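Engineer: Below: one structure in structure tokens.
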Amino acid sequence: MRILTFSTLFPNPQMPYHGIFVARRLAQLQSYAQATGLALESRVVAPVPWFPVASPRFGRYGRWGAVAAQSEWQGFAVQHPRYLLLPKIGMSSAPWMLARGAYAPLKRLEQSWPFDLIDAHYMYPDGVAAILLGRWLNKPVVITSRGTDLNLIPNYTLPRRWITWAAAEAAGLVTVCAALKASLVGLGVAPSRVTVLRNGVDLQTFTPPLDRQALRDKLAMHHPTLLSVGHLIPRKGHELVIAALPQLPQVQLVVCGEGPMLAELKATAKRLGVAPRVRFAGALAAASLKDYYGAADALVLASDREGWANVLLESMACGTPVVASSVWGTPEVVASPAAGRLFTPRTAQALATEVQALLADPPPRSATRHYAEGFAWHSTSAGQFQMFQAILPHQP
């Protein structure tokens, strides 16, 4: 079975954490195949927008411009064809531009490595473009929806039409949580056509620390410490966590991530008088992030939209409970007192109240770890294979 993963969300040497959740699911699928003796070959096509200048002065556009045509991620060969992303009108034209940019590279790949199926991630524009490519190359397409592709983008008329068309054409549809499945059903897709395959957590990478106090000393966590992990963009709600700190005296906050809101978040902390208690650690590799998870007292996720937030399970796997906004798929992740607590409404006051309650009576860290162990990748990978085999019945 030869599976081509297609997504603009995939790591590259210039953006090593970009779409890391797609890459991790692919790696787990490959590991599952090897462990169970199933024949699987995987390659990746991860298009990037065309930009004429390769320079950090131009932010993410400059980094896109610096991405090579080919790269490698943990043994997977990755191609990065270019496509035109037009300012302002890019949302409406992106599926067509993405498909046009990827067609020739996929055609060449198909001649040397005849793949059986396109496994696309993110419904819009990636999934729509994959359906166009599947038509042109006569290949079945599976689309996995992950979050804003269903809980935000369908609010726009033309993208919604593209999405409903692609959903009707897909050989298989996957969502990472039941809430996103309900969103697809609300667009007219039959429930029987949508499979929920939730994200898992790497229980070997994310583990509780052997000596938590020594780790806390190393990371200068001398007071109760919260983590807020994710890209520094409005959707992630880091500013809401900072806004709760005046109601949480003595509590420290470590923000892990990078993005365009860094200066604004620092200014907010200064304006509220909590800047000495807020540390910005930048984007961290899994090995470093694991230490922060294990040392902290709680992870706080204040997003206004989420599909299935991997950071929640990563924190729990390290023994650290969470406090999260009760939105979309998050209640499906935080479904036990051992996992942590949900807050609603999505306000600084409600967040602070739940943090106080959790810090006053935290679950045993061993119980939080045990809860995370119920989210190993095995069942998700098995579900993927079952879907692929149903679409490609001639495959072993």
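The values are calculated or read from the model by the stated rules, or taken from the named source; none is laboratory data. For clarity, every value in this text was computed on a predicted model and none was experimentally measured. Just the protein is used for accessible areas: all its heavy atoms, side chains included, with ligands, DNA and RNA removed. Shrake-Rupley method; radii C 1.70, N 1.55, O 1.52, S 1.80 Å.
Engineer: Given a 1.4 Å probe and every protein chain left where it sits, what share in percent of the accessible area of the stretch 1-99 is carbon and sulfur?
Structural biologist: The value for the stretch 1-99 is 58 percent carbon and sulfur by accessible area.
Engineer: Among Ile391, Ile242, what's the order by accessible area (1.4 angstrom probe), most exposed first?
Structural biologist: Ile391, Ile242
Engineer: A further question on this structure: Under 1.5 on a/c is rounded, so check that first for the stretch 207-361, then, if it is not, pick prolate when a/b is larger than b/c and oblate when it is not; a ≥ b ≥ c are the square roots of the alpha carbon gyration tensor eigenvalues.
Structural biologist: rounded
Engineer: From the phi angles alone, apply the Karplus equation (6.51, -1.76, 1.60; θ = phi - 60°) to the stretch 164-176 and give each ³J(HN,Hα) in whole Hz, x where the residue is Gly or Pro.
Structural biologist: 5, 5, 5, 4, 5, 8, 5, 6, x, 10, 10, 10, 8
Engineer: Now a separate question. Over what distance in Å are the Cα centres of the stretch 234-291 and the stretch 199-229 separated?
Structural biologist: 16 Å
Engineer: Same structure again: Please list the non-local residues whose amide H lies under 5 Å from the amide H of Leu301, H modeled 1.01 Å from N, same-chain partners needing a gap of 5 or more.
Structural biologist: Close amide H contacts, sequence-distant or interchain: Val323, Ala324, Ser325.
Engineer: Enumerate the calculated ³J(HN,Hα) couplings along the stretch 110-119 in order (Karplus 6.51 cos²θ - 1.76 cosθ + 1.60, θ = phi - 60°), each rounded to whole Hz, writing x wherever the residue is Gly or Pro.
Structural biologist: 5, 6, 9, 9, x, 7, 9, 7, 9, 9
Engineer: Specify the residue with the greatest mean-square fluctuation among Gly134, Gly65, Gly75, computed from a Gaussian network of the chain linking alpha-carbon atoms under 10 Å apart.
Structural biologist: Among Gly134, Gly65, Gly75, the largest mean-square fluctuation in the Gaussian network model of the chain belongs to Gly75.
Engineer: Give me the percent of the accessible area of the stretch 232-372 that comes from carbon and sulfur atoms, probe 1.4 Å, all protein chains in place.
Structural biologist: 56 percent
Engineer: Please work out how much accessible surface Asp291 shows to a 1.4 Å probe, ignoring ligands, DNA and RNA, in Å² rounded to 10.
Structural biologist: In the full protein context, Asp291 sits at about 40 Å².
Engineer: What lysines sit close enough to Lys290 to cross-link, taking a C-alpha to C-alpha distance under 22 Å and skipping anything fewer than 8 places away on the same chain?
Structural biologist: Lys218, Lys236
Engineer: Give the accessible surface of the stretch 86-133 per residue, rounded to a whole number of Å², with probe radius 1.4 Å and ligands, DNA and RNA excluded. Show your work: numbers first, answer last.
Structural biologist: On the way: 1830 Å² over 48 residues.
Here the per-residue accessible area is 38 Å².
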